[in-house]
Amino acid sequence: MPLSGFYFPPGSARQTEAILHLTDDGEYLEVRDGGGAILARAPRPQILVTSRLGGLRRKLEFPDGALFETADNDGVDALVKDHSGALARLERSWRLAAMSLLAIAACTVLFILYGVPAIAAWLAEETPPSVARAMTDHTLKVMDTQLLGPTALPSARQQQVRNRFETIAGWEDRGAGRYTLLLRNAPHVGPNAFALPDGRIVVTDQLVLMAKSDAELDGVLAHEMAHVNHAHGLRSVYQASLVPAAIAFVTGDASQFAQMTVILPAILLQSAYSRKFEQQADDDAAALQRRHGEDPAALAGFLERMELKTCGKAGCAPSWLGSHPATAARAARLRRAPAP
Amino acid sequence: MDTRPLAPPQAPAAPVHNSMRFEGSAGEYFKIWIVNIALTIVTLGIFSAWAKVRSRRYFYGNTYIGTHAFDYHAAPIRILIGRAIASAFLLAYFSTAAIAPRFIGFWYLLFLAALPWLIKSSLRFAARNTSYRNVRFDFHGTYWGACKAFILWQMLATITLFLALPFAHRARDYYNINNHSFGQIAFKAVIPVGKLYKIYLAGLALMFGALIVAALPYGLLTGVRAQGALWSLTVGLSSLVAIVAVLGVPTFIAAKTFNLALNKTSLGDNYRFESELSPGRLTWIVLSNALLTIATLGLLHPWARVRRARYMAGCISVIGQADADAFQSMPMPAGNAIGEEVASFFDIDFGL
């Protein structure tokens, strides 16, 4: 069955109406004009056929650069029997499109729930300590120049805090050498404490001044040490970059527009991941304190006082936005923490 | 199937007005797009290069002038290699930022030095892999040419407090258009810089006008100590005017300068071009496309692309003898995909 279409000579835009057919021996494809003269002829395997795509016209390129173009897609498929027809069939079916959509949605959800945390944890595990140290040096330098000053606590109080720190570090399974305490005065940050990737833990003077008992301070320190144990710092860094990286890789597009559309979901996701880390750190801290005869309820009370101070009676932003779970929920969970 | 020959034999000299048309459909493209994304995920990203080529082929292959459409020929494997190299550079950059931020300047210098090469090779790759009626396009721009057009002119425009911006714009257009050829016939643009000044001034005036309108209610209403619903409405409207202006004025300038460049472009002795993009309509399409795409979590992305392509094509015409038979091309190597991939990864915009 001959196919009708256009013939173009090698490298030329001059078109002729022509027909394409398979020779009787089945070996060659031939292009003939209206008068029956042969315009092009080549063995079938030597002819490059464009793959089928939507309703686009198919092009058959002969070895010498001559071109035959036809809209008869089914005819070409019957003549050349290549594999591209299969993909085009997938792309034509609405049912398959719907299934793809569901599969993509499922993959996205699974990737976010399990893939990202798992990959980030693996990367954090594989990160050499020297890299974690360099990252911490850099972060600390930036914070020291912009937000933090040297501690202004009386040296006796400093020593008390250090003693508590050494005690808690001694309770940890992984040995006291993993953690370093840094005391900093931070009037603009207020009462806060954070764990850095290589095990250094910053505690602000403002937090120390708010603590009414050793148990409260111990809770905070144990919480930050749990962050160090689980490498939460490194994992957050990796989690923050994995989602945009995956989108850039799938779409091949790291452009500003693509980033604009993912930035809000990315922030929400990041907060969700971070809330999970906080909960884990609370649980670990509570368990550690219970094992050594302290009451985790002290930390719960401390968190409630901190919220009252920073956000007033109305409470802080809703929990689905924040990097920490709602304080009331955290406090309740700490008080419920099971005895060892 | 339409088998009429493109050339009317009786009137070889009469200039013919051929509008570009986009004949793809959103439904058809949606299926292609979604199936290709699924395949990309299944193959852990490998298929993305094939998906990109298929999507480009769909858009080129549905863009018609007269009875024929364009064609895109890039080999996916080269795009995959380019993408891998771009990712490696991105990774190295972020690693440096995390571990040794002191050395980040090295990457900026390297990027600046590579930029003209990226622009040159990506334009060449795109041109050489595009054809119309069996004749390929080509691009002859050089590294030094891109250096002048994209870096030196831009620096000059900045030093002169943007007084020379239209000159920089023209340098980019000239680099882009005058280095392209269809087969062996060259494109040639001659753009009067005075008209570019007019467009930029009009854009500036629009921006100022809009910002004054947006700020006006504050001046009028603060005096009477406004509050409540009226005040909220005013603030809302003002912000809307400001947002539309900030997003719309660049589109206005882009549409107007695109029209100007194309209207002043010819191909050989027998062909010239016409473009009549409407700045208002284009702004509306770009803004509503973005909003609808975000609101539907990306599901309307194929529809938005088709809508924009259809509008753009409908605004562009080729004027000249319809007989395109005279065009010839020489066989040539396909150019370098690394440049194009790295460039599109880092979102470098070439203006056209």
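Read the figures in this text as sums done on the coordinates, not as results from a lab. Quantities reported herein were computed from a predicted structural model and do not represent experimental measurements. Neighbour counts are summed over all protein chains in view; Cβ atoms, including those assigned to glycine, are modelled from backbone coordinates with ideal geometry.
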Inset, instruction - Just grab the label-to-label distance for B:L110 and A:R157, each label 7 Å out from Cα along the Cβ direction, in nm (one decimal). - result: 4.9
Legend entry - For residues of A:1-13, the mean tally of beta carbons on other chains within 10 Å: 5
Legend entry - the range A:62-121: radius of gyration over Cα atoms, expressed as a fraction of 2.2 N^0.38 Å: 1.91
Inset, instruction - Give the longest segment of chain A that steers clear of trypsin sites (Lys or Arg not before Pro) in DSSP loops with at most 13 neighbouring Cβ atoms within 10 Å, not counting the sites themselves. - result: A:213-312
Legend entry - Residue among B:H73, B:F94, B:V35 farthest towards the positive dipole end of the range B:18-94, charges placed on Cβ: B:F94
Legend entry - Inter-chain shielding of A:52-61 (mean C-beta neighbours from other protein chains, 10 Å cut-off): 5
Legend entry - Order of A:T108, A:T127, B:T158 under a 10 Å beta carbon neighbour criterion, fewest first: B:T158, A:T108, A:T127
Inset, instruction - Please arrange A:L60, B:L39 by counting, for each residue, the other beta carbons lying within 10 Å of its beta carbon, fewest first. - result: B:L39, A:L60
Inset, instruction - Sequence neighbours fewer than 8 away in the same chain don't count; with that in mind, list the lysines whose C-alpha is under 19 Å from B:K31. - result: B:K52
Legend entry - Order of A:C107, A:C311 - criterion: other Cβ atoms within 10 Å of each residue's Cβ, fewest first: A:C311, A:C107
Legend entry - Under 16 Å from A:K276, Cα to Cα: aspartates and glutamates that are on another chain or at least 8 residues apart: A:E224, A:D284
Inset, instruction - State which entries of A:K141/A:K309; B:K120/B:K195; B:K198/B:K256 exceed 22 angstrom in Cα-Cα distance in the structure shown. - result: A:K141/A:K309; B:K120/B:K195
Inset, instruction - Taking every Cα atom in the protein assembly as shown, find the radius of gyration and the maximum pairwise distance Dmax, and write them in Å. - result: 32.2, 107
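Please average, across the residues of A:99-110, the number of beta carbons from any other chain that are within 10 Å of each residue's own beta carbon, and give a whole number. Each step should come with its number before you reach the end.
On the way: counts 3, 10, 6, 1, 5, 6, 1, 0, 4, 2, 0, 0.
Counting Cβ atoms of other protein chains within 10 Å of each residue's Cβ and averaging gives 3.
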